[in-house]
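The values are calculated or read from the model by the stated rules, or taken from the named source; none is laboratory data. The model shown is predicted, which means the values in this text are computed figures rather than measured ones. Cβ placement follows ideal geometry from the backbone for every residue including glycine, while neighbour counts extend to all protein chains displayed. Side chains included, ligands, DNA and RNA excluded: accessible areas come from the protein's heavy atoms. Shrake-Rupley method; radii C 1.70, N 1.55, O 1.52, S 1.80 Å.
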Amino acid sequence: MKNTIAVVALSSFFVFTACKKNEPVNTSTEKTVNTEENKQSQKLEIDSVEVSDSIKIGKLLKVSYTSQLLVFPTLKDQKLLDSIYFANEGIKDFSKNGLKSYLEKEKNVYFDSMKRDSDELTGPSQAQDWYSSSHMRLKSNMNDYMHIQYTGSSYEGGAHDNYGFSERVFDLKNNKKVELTDITTMPKNKIEEILMKNIDKINSGITDAEGKVKGSDMLLVKVIPASDNFYFDDKNLYFHYSPYEIAAFAAGDMTIPVSWDDLKGTLKPEFKERMKIQ
């Protein structure tokens, strides 16, 4: 059986290194984001488009495809839109109809690739459902910092499913993706020391005969990387790691906080002012 770790054959959001059964993903969106939490941000019009379909390959194999993209009618900056749809190369039309057309083409490419691959492999000995699923979710829009979470999962033969996450924050005032250097001047190696110190502040969700297992006991790496997979709120900077990225699969995905106090004296003045960090 094929055991690929790409969520979508030609337009995967990221490479997955973990396995998990189908997990419900919140794909609901609002026309405008204007909650109490986000009251200091400009209104952001938002919509979504989704393509979902399935085919039968032979007598025993069913292949399903689901992909959902957010639509931002009021965002016009080309570089910003390219960054938002970073995993979807080739999009020229960012309207709802344009994105729907793009997903229809990607669905057909995916189904064609599954048909070709299945012809080269021994078919399943019992009925199986293969699938590819990817979604975008607007998590917050605070002080014109828009946080989008990209999620995806797949099963294309083998022992288990695969899944993963990607977090991105966009500066809507300056039409750009937020980088760590826009937040802090602290060197990455110093942030990595803080991540190692803070990993045991989160609940690993695992227990043994002696009680709760610490996150640090499950690490597969000697250094927790200060990656680009981060987001923030008014209290902390968060680094999100998919399963197997830094820890054993049993730990699941892990989100490690770095508080503003941890970064005290290194926060960029503009960022600190916009986020109203004391």
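Observations on the model:
- Pick from the range 144-167, criterion among the charged types (D, E, K, R) and more than 21 Å from Ala251 (Cβ to Cβ), ranking: surrounded by the fewest Cβ atoms within 10 Å (Cβ to Cβ): Asp144
- The numbered conditions (1) open to solvent by less than 10 Å² (accessible area, probe 1.4 Å); (2) within 17 Å of Ser67 (Cβ to Cβ); (3) of a type in the set (Phe, Trp, Tyr); (4) outside any helix (DSSP H, G or I) are all true for Phe170 except (2).
- Restricting the range 200-224 to residues that are within 30 Å of Ser140 (Cα to Cα) and open to solvent by less than 50 Å² (accessible area, probe 1.4 Å) leaves a set whose member that is modelled with the lowest pLDDT is Ser204.
- Residues of the range 225-239 satisfying the condition of being within 18 Å of the chain's Cα centre (by Cα) and open to solvent by 10 Å² or more (accessible area, probe 1.4 Å): Pro225, Ser227, Asp228, Asn229, Tyr231, Phe232, Asp233, Tyr238
- Selected residue (criterion: surrounded by the most Cβ atoms within 10 Å (Cβ to Cβ)) from residues of the range 56-84 that are touching a Leu at 6+ places or on another chain (Cβ under 9 Å) and among the β-branched types (Val, Ile, Thr): Ile84
- Residue selected from the range 245-278 under the condition among the aliphatic types (A, V, I, L, M) and part of a loop (DSSP other than H, G, I, E, B), by the criterion farthest from Asn198 (Cα to Cα): Met275
- Unmet requirement for Lys272, which otherwise passes all of (1) touching a Phe, Trp or Tyr at 6+ places or on another chain (Cβ under 6 Å); (2) open to solvent by 20 Å² or more (accessible area, probe 1.4 Å): (1)
- The lone criterion from (1) in the same structural domain as Tyr231 (by the TED database); (2) open to solvent by less than 20 Å² (accessible area, probe 1.4 Å); (3) among the polar types (S, T, N, Q) left unmet by Asn141 is number (1).
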